[in-house]
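Chemist: Dumping the structure here so I can ask a few things about it.
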Amino acid sequence: MIDPLRQFSWPDLHAKYDGLCKRFNPLVPYLDCFYPRPSSDRCLYYALRQKFTVELNSSNGIGLQTFQAMLYWKLYSQPAAVSSTCKRLIEDGKLRQEASKGLRAASDALRNAPMADLNIVSEVRKLGSHAIWGMRTSTALPVRTTFLHFIHPAMIPIFDKQVLLAVGVTEKGANQKLRFLEPYIAHAATLARTHAGHFSSFQDETPIRLVDMALWVVRGGCN
């Protein structure tokens, strides 16, 4: 895997990232749990970080509405995925019931998992056992890593097509294959260490998240 960030203009990261988020719509029903509604991709990201922190440590765990908002954040650049995943979840009572139960079980397991022994690949696998719509299929690795990123934002990168293409992984469907996940996790951590000298001016994102954003910018987003 390559490092495409050697000449990256880090002071321009937020502006470039925001400019690529044209499909974000703050009025969608998937964001009804927020008031006021987040006005942008980054505002929603920050709000989700706060909600995950609070809800993970509550007796009920991560709530269904918070999960719906996370799904929208991950998928909004793909209208077909929003329709097949977010829209169906909000309309199907059985899926909502199953997802609520699964989110509580996943939250209990993650809340009690010792950080020192955290195995990211293992946690990604385990998420599939909770029957949570949007994460239960074996190919849902991008959504599973997104969920885990909001639990451990300093440790877990978001594994998707665009960041893999940015680091030189061109195999079709690579973002749906576990054999690419572990090396990407290690590579993202290496990139975060390599470029750490540029991060002092950023207060709201972890180094891992800054690398995610920069790789997405390198690829020109998903629009």
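Chemist: Just to check your reading of the model, which residue among S58, S84 is over 14 Å from the mean Cα position of the chain (by Cα), outside any helix (DSSP H, G or I) and either acidic (D, E) or surrounded by fewer than 22 Cβ atoms within 10 Å (Cβ to Cβ) (or both)?
Modeler: So the residue among S58, S84 that is over 14 Å from the mean Cα position of the chain (by Cα), outside any helix (DSSP H, G or I) and either acidic (D, E) or surrounded by fewer than 22 Cβ atoms within 10 Å (Cβ to Cβ) (or both) is S58.
Chemist: Would you pick out the residues in region 8-22 that are in a loop (DSSP other than H, G, I, E, B) and within 16 Å of Q162 (Cα to Cα)?
Modeler: L20, C21
Chemist: Is at least one residue of region 30-43 under 18 Å from M213 (Cβ atoms), touching a Lys or Arg at 6+ places or on another chain (Cβ under 8 Å), of a type outside the set (K, R) and surrounded by fewer than 17 Cβ atoms within 10 Å (Cβ to Cβ)?
Modeler: No: zero hits.
Per-residue answers, yes or no, for (1) surrounded by fewer than 16 Cβ atoms within 10 Å (Cβ to Cβ); (2) among the polar types (S, T, N, Q); (3) under 14 Å from the mean Cα position of the chain (by Cα):
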position: G134; (1), (2), (3): no, no, yes
position: G173; (1), (2), (3): yes, no, no
position: I185; (1), (2), (3): no, no, yes
position: H195; (1), (2), (3): no, no, no
position: D204; (1), (2), (3): yes, no, no
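Chemist: Let me confirm something: among L165, L178, which residue is hydrophobic (A, V, I, L, M, F, W, C), surrounded by fewer than 22 Cβ atoms within 10 Å (Cβ to Cβ) and touching a Lys or Arg at 6+ places or on another chain (Cβ under 7 Å)?
Modeler: Testing whether each residue is hydrophobic (A, V, I, L, M, F, W, C), surrounded by fewer than 22 Cβ atoms within 10 Å (Cβ to Cβ) and touching a Lys or Arg at 6+ places or on another chain (Cβ under 7 Å) leaves just L165.
Chemist: Do any helices (runs of 4 or more DSSP H) lying entirely in region 125-194 carry at least 3 residues that are closer than 16 Å to L75 by Cα, and which ones are they?
Modeler: Passing ranges, in order: 141-151, 161-166.
Per-residue answers, yes or no, for (1) at pLDDT 90 or above; (2) farther than 30 Å from F8 by Cβ; (3) in contact with a Gly (Cβ under 9 Å, 6 or more places away or on another chain):
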position	(1), (2), (3)
A105	yes, yes, yes
L118	no, no, no
E123	yes, no, no
R136	yes, yes, yes
T170	yes, no, no
A174	yes, no, no
R179	yes, no, no
E182	yes, no, no
A188	yes, no, no
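Chemist: Looking at (1) surrounded by 13 or more Cβ atoms within 10 Å (Cβ to Cβ); (2) over 16 Å from the mean Cα position of the chain (by Cα); (3) part of a helix (DSSP H, G or I); (4) without any contact (Cβ under 8 Å) to a residue 60 or more places away in the chain, can you tell me which one L103 breaks?
Modeler: Going through (1) surrounded by 13 or more Cβ atoms within 10 Å (Cβ to Cβ); (2) over 16 Å from the mean Cα position of the chain (by Cα); (3) part of a helix (DSSP H, G or I); (4) without any contact (Cβ under 8 Å) to a residue 60 or more places away in the chain one by one, L103 breaks only (2).
Chemist: Can you say whether G93 is more than 16 Å from the chain's Cα centre (by Cα) and exposed (fewer than 15 other Cβ atoms within 10 Å of the Cβ), as far as the supplied structure shows?
Modeler: yes
Chemist: What do you reckon, is A99 of a type in the set (A, V, I, L, M) and modelled with pLDDT under 95?
Modeler: no
Chemist: Could you check region 23-33 and list, in sequence order, the residues that are assigned to a loop (DSSP other than H, G, I, E, B) and either touching a residue at least 40 places away in the same chain (Cβ under 8 Å) or not charged (D, E, K, R) (or both)?
Modeler: Correct list: R23, F24, N25, P26, L27, V28, C33.
Chemist: So I2 clears everything in (1) assigned to a helix (DSSP H, G or I); (2) under 24 Å from P207 (Cα atoms) except one condition, right? Which one?
Modeler: (1)
Chemist: List the pairs whose first member sits in region 34-57 and is free of Cβ contacts under 8 Å to residues at least 40 places away in the same chain and more than 17 Å from A154 (Cα to Cα), whose second member is surrounded by fewer than 18 Cβ atoms within 10 Å (Cβ to Cβ) and of a type in the set (S, T, Y), and whose Cβ atoms are under 9 Å apart, counting only residues at least 6 apart or on separate chains?
Modeler: Hits for this filter: P38/Y46.
Chemist: Now for a separate question. Taking the condition within 21 Å of L148 (Cα to Cα) and touching a Ser or Thr at 6+ places or on another chain (Cβ under 7 Å), does L64 pass?
Modeler: yes
The values are calculated or read from the model by the stated rules, or taken from the named source; none is laboratory data. Treat the numbers as computed from the prediction; the structure is a model and nothing was measured. Cβ coordinates were reconstructed from backbone atoms using ideal geometry, including for glycine residues, and neighbour counts include every protein chain displayed.
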